[in-house]
Amino acid sequence: MTAAEPGAPRPIDVYRQWWLHDARWYQGVAKRYGHEVANEINAEAIRYVATQVGKRIVRQFGGGPAAGIEELRKRYDACSEWMFPSELRDGGTSVLADDEIELTMRQNFAVTMVRMAGSLGGYECPCTDIHAGWSEGLGVELTRNCATACLRQGDPACRLLMRVAKA
């Protein structure tokens, strides 16, 4: 079956299946070894992937450091798109005072899939691990990396702040 044939999966369908797999995997680890272990392994794995994505984005932007905070913001947006395509999320980044970058997500497919798998109760979002990985891959050091709001906690959006060390 080719992608053009009726019934062939669209890329978004493939993403959904992998995220469902991930959520079920998390649930299996949590059931056997506890949520603490599942969260730790999940954060470690996603940080590794995020670092690889950051390195890819640096290459796509020519291989050098970002030419300012606005370009760095665009690189974080590109990292978001590689890991969480816009079809699976509703959000973006903006530059705030003190050159902080805020990532806002009003919809997060990962939280939706973990909820559907029945594991939301003990799940800890690995958002700051993702940002740490992106930053490592992008070649920047974070001096601030925190969540100020979270969909998982019932907030209307995830809001995450990152501040990069001055070179």
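The values are calculated or read from the model by the stated rules, or taken from the named source; none is laboratory data. Note that the coordinates shown come from a computational prediction; the quantities given were computed from them, not determined experimentally. Positions of Cβ are backbone-derived with ideal geometry, glycine not excepted, and every protein chain shown enters the neighbour counts.
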**OP:** Out of the residues in the stretch 152-167 that are of a type outside the set (Gly, Ala, Ser) and closer than 19 Å to residue 134 by Cβ, state the one that is surrounded by the most Cβ atoms within 10 Å (Cβ to Cβ).
**Re:** 162
Original post:
Can you name the number of the only condition in (1) without any contact (Cβ under 8 Å) to a residue 24 or more places away in the chain; (2) within 17 Å of residue 133 (Cβ to Cβ); (3) of a type in the set (A, V, I, L, M, F, W, C) that residue 97 fails?
Top reply: (2)
Subject >> Selected residue (criterion: surrounded by the most Cβ atoms within 10 Å (Cβ to Cβ)) from residues of the stretch 57-66 that are without any contact (Cβ under 8 Å) to a residue 24 or more places away in the chain and not aromatic (Phe, Trp, Tyr) >> reply: 60
**OP:** Would you please list the contacts, defined by Cβ atoms under 8 Å and residues six or more apart or on different chains, that run from a residue in the stretch 67-89 that is surrounded by 14 or more Cβ atoms within 10 Å (Cβ to Cβ) and of a type in the set (Phe, Trp, Tyr) to a residue that is at pLDDT below 85 and part of a helix (DSSP H, G or I)?
**Re:** 84/109; 84/110
Original post:
Out of all the residues in the stretch 140-158, which are in a strand (DSSP E or B) and closer than 14 Å to residue 90 by Cα?
Top reply: 158
Original post:
Taking the condition of a type in the set (Asp, Glu), out of contact with any Cys (no Cβ under 8 Å at 6 or more places or on another chain) and modelled with pLDDT of 95 or more, does residue 87 pass?
Top reply: no
Original post:
Taking the stretch 90-105 as the search range and keeping residues that are surrounded by 14 or more Cβ atoms within 10 Å (Cβ to Cβ) and over 12 Å from the mean Cα position of the chain (by Cα), which one is modelled with the lowest pLDDT?
Top reply: 99
Original post:
Applying the selection to the stretch 113-139, what residues are out of contact with any Asp or Glu (no Cβ under 9 Å at 6 or more places or on another chain), buried (at least 20 other Cβ atoms within 10 Å of the Cβ) and assigned to a helix (DSSP H, G or I)?
Top reply: 127, 130, 131, 132, 133, 134, 137, 138
